1. Report yes if residue 368 is crowded, with 20+ Cβ neighbours inside 10 Å, under 19 Å from the mean Cα position of the chain (by Cα) and farther than 24 Å from residue 245 by Cα, otherwise no.
2. Is there a residue in the stretch 169-188 that is in contact (Cβ under 8 Å) with a residue 24 or more places away in the chain, touching a Cys at 6+ places or on another chain (Cβ under 9 Å) and of a type in the set (D, E, K, R)?
3. Restricting attention to the stretch 72-91, does a residue exist that is out of contact with any Lys or Arg (no Cβ under 8 Å at 6 or more places or on another chain) and under 30 Å from residue 349 (Cβ atoms)?
4. How do the pairs read when you match residues in the stretch 432-449 that are over 13 Å from residue 474 (Cβ atoms) and in contact (Cβ under 8 Å) with a residue 24 or more places away in the chain with residues anywhere that are of a type in the set (S, T, N, Q) and open to solvent by 10 Å² or more (accessible area, probe 1.4 Å), using Cβ under 7 Å and keeping only pairs 6 or more apart or on different chains?
5. Filter the stretch 183-212 for residues that are hydrophobic (A, V, I, L, M, F, W, C), within 28 Å of residue 158 (Cα to Cα) and open to solvent by 10 Å² or more (accessible area, probe 1.4 Å) and give the result.
6. Out of the residues in the stretch 412-440 that are buried (at least 17 other Cβ atoms within 10 Å of the Cβ) and touching a Gly at 6+ places or on another chain (Cβ under 8 Å), state the one that is farthest from residue 355 (Cα to Cα).
7. Could you say which residue among 132, 112 is part of a loop (DSSP other than H, G, I, E, B) and crowded, with 19+ Cβ neighbours inside 10 Å?
8. Can you tell me which residues in the stretch 316-325 are surrounded by 17 or more Cβ atoms within 10 Å (Cβ to Cβ) and in contact (Cβ under 8 Å) with a residue 60 or more places away in the chain?
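The values are calculated or read from the model by the stated rules, or taken from the named source; none is laboratory data. None of these values were measured; they are calculated from a predicted model. Glycine also receives a Cβ, built like all others from the backbone with ideal geometry; neighbour counts cover every protein chain displayed. Remember, those area values only see protein heavy atoms, side chains included, never the ligands or the DNA or RNA. Shrake-Rupley method; radii C 1.70, N 1.55, O 1.52, S 1.80 Å.
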Amino acid sequence: MKLSALLREVETLCAFEDVEIERVTDKFEDNLNNALFICIDGDRFDGHGMAAKALEKGAAAVVTERDLKLSRQIVVENTRKAYSLIAANFYGRPAEKLQLIGITGTNGKTSTAYFIKSALLSMSVKCGLIGTVENDTGEGGKTSVLTTPEPMELQRLFREMVDSGCKYCVMEVSSQALSQERVYGLHFAAAVLTNITPDHLDYHGSMEEYINAKLSLFDISDTAIVNMDDENSASVLDRIKCPLITCSAKLDSADYTAKNAECGTWGVKYEFVGIDCISRMSLKLLGRFTVYNSLCAAAVCLKLGFELDDISNAFKNIKPVKGRAEIVEVPRDFTVVIDYAHTPDGLQNILNCVRELTTGRIITVFGCGGDRDRTKRSTMGEIAGKFSDIAIITSDNPRTENPILIINDILSGINKSKAKLAVIENRREAIGFALKKARAGDLVLLAGKGHETYQIIGHEKRPFDEREIIKEFVK
């Protein structure tokens with residue numbers, strides 16, 4: 001592809017030779033023959049420092065944010081924005097042939113996206129999915145790496161969706177992806193804000209910057225669907241400039257409300273009430289958060305033009321999302337639940353949920369990720385201690401941090417509670433300990449890993465599927 005075609009709608013600040021380009025990358029490699037190398041200034045690596053070497057390795061040209069006095073450079077104001085446009089051009093702008101639905105928020109993104117996709121599929125509408133657990137381009141899901149992929153991977157997925165006949169794409173849009181301009185140049189038919197609670201503050205620096213990143217999604221959306229019952233979401237309604245649809249399980253002033261909501265081991269049910277519409281919703285999924293996620297998902301489907309009764313019928317058959325309030329069947333007289341809860345709000349939500357499922361004790365196994373926001377660790381410890389009967393503190397993905405130091409951060413909060421406490425650094429051993437402690441009527445909650453089938457220790461990703469580990473211990 002000609003360089004000029006790749007640079008369509010990219011504002012360049014210098015003249016350039018229109019050379020042939022075979023691929024686009026921001027990764028420095030030994031073989032960059034005929035590649036366009038994008039210089040990204042990241043947290044750990046600045047591609048500008050490798051621009052000259054990239055040309056030596058065969059790159060046809062480099063895209064930079066400043067004049068590096070190189071013979072084959074294209075200078076732009078922002079290489080991240082340029083990268084997103086170039087990636088779209090490389091794959092023929094496939095997103096323009098899709099209706100995009102974006103989901104952002106601290107918790108609930110995966111479930112809300114999954115509900116929308118499942119509803120559309122049940123109504124015979126082919127729909128792609130991009131998210132934390134998997135990417136599905138219409139031909140079956142594959143495990144994902146990032147919640148929102150980097151530009152070239154993202155556009156490749158869009159291309160495959162279009163080629164497989166998808167009309168819609170539901171995608172989770174993370175705050176980091178928004179701040180890194182991975183979705184620059186895209187336009188969303190609808191976007192959902194599930195909730196906002198503290199997370200990724202190590203990256204964003206402050207809660208305000210985190211909120212600003214989330215809200216930027218609505219600058220490129222036709223309609224916003226917002227959960228009014230979340231305090232932080234409600235506080236930013238006046239900052240959303242596109243048309244707004246509100247959802248609530250408490251406030252009659254919302255556009256759509258969930259009335260008479262009930263939750264149990266059988267799932268959730270409520271009455272969906274809006275202007276000139278009402279329907280009974282029933283989902284075989286756990287937790288009051290399912291009410292909110294499905295309420296927002298239904299509002300999206302209505303906005304897209306689908307009938308409420310069809311949406312309601314679709315929800316009846318939705319299966320649980322892996323690692324989201326997932327009950328693992330065991331041949332014992334206690335219950336085991338796996339959940340991805342890795343924020344204070346997420347942990348409290350799942351603990352409130354499982355309290356409704358058991359008359360016995362709650363035994364919680366959890367840790368916090370290394371090289372991530374330290375400020376939430378003590379708060380999560382306090383929550384685990386407050387809402388559990390037994391709290392077992394262990395490792396999550398320690399990455400390059402010392403696991404004991406992470407655990408100590410957690411303990412600074414949990415020591416304020418009355419829960420019985422155990423510290424077992426090895427997560428496999430911690431799970432085994434919890435299962436041995438459990439007796440009739442108890443519930444064991446494994447929080448933090450969710451859908452993940454690995455554990456990151458140092459820079460190594462080791463196989464670690466909690467479902468398999470549970471099976472080993474309960475044989």
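1. On the way: crowded, with 20+ Cβ neighbours inside 10 Å: yes; under 19 Å from the mean Cα position of the chain (by Cα): yes; farther than 24 Å from residue 245 by Cα: yes.
So residue 368 fits the description; yes.
2. No, because not a single residue in the stretch 169-188 is in contact (Cβ under 8 Å) with a residue 24 or more places away in the chain, touching a Cys at 6+ places or on another chain (Cβ under 9 Å) and of a type in the set (D, E, K, R).
3. no
4. Within 7 Å, the pairs are 441/358; 441/359; 442/358; 443/335; 443/358.
5. Quick first cut of the stretch 183-212, residues hydrophobic (A, V, I, L, M, F, W, C) only: 183, 186, 188-193, 196, 201, 207, 211.
Next, only the ones that are within 28 Å of residue 158 (Cα to Cα) stay: 183, 186, 188-193, 196, 211.
The answer is 186, 189, 211.
6. Restricting to residues being buried (at least 17 other Cβ atoms within 10 Å of the Cβ) and touching a Gly at 6+ places or on another chain (Cβ under 8 Å), the top hit is 427.
7. 132
8. Answer for the stretch 316-325, where residues must be surrounded by 17 or more Cβ atoms within 10 Å (Cβ to Cβ) and in contact (Cβ under 8 Å) with a residue 60 or more places away in the chain: 318, 321, 322, 323, 324.
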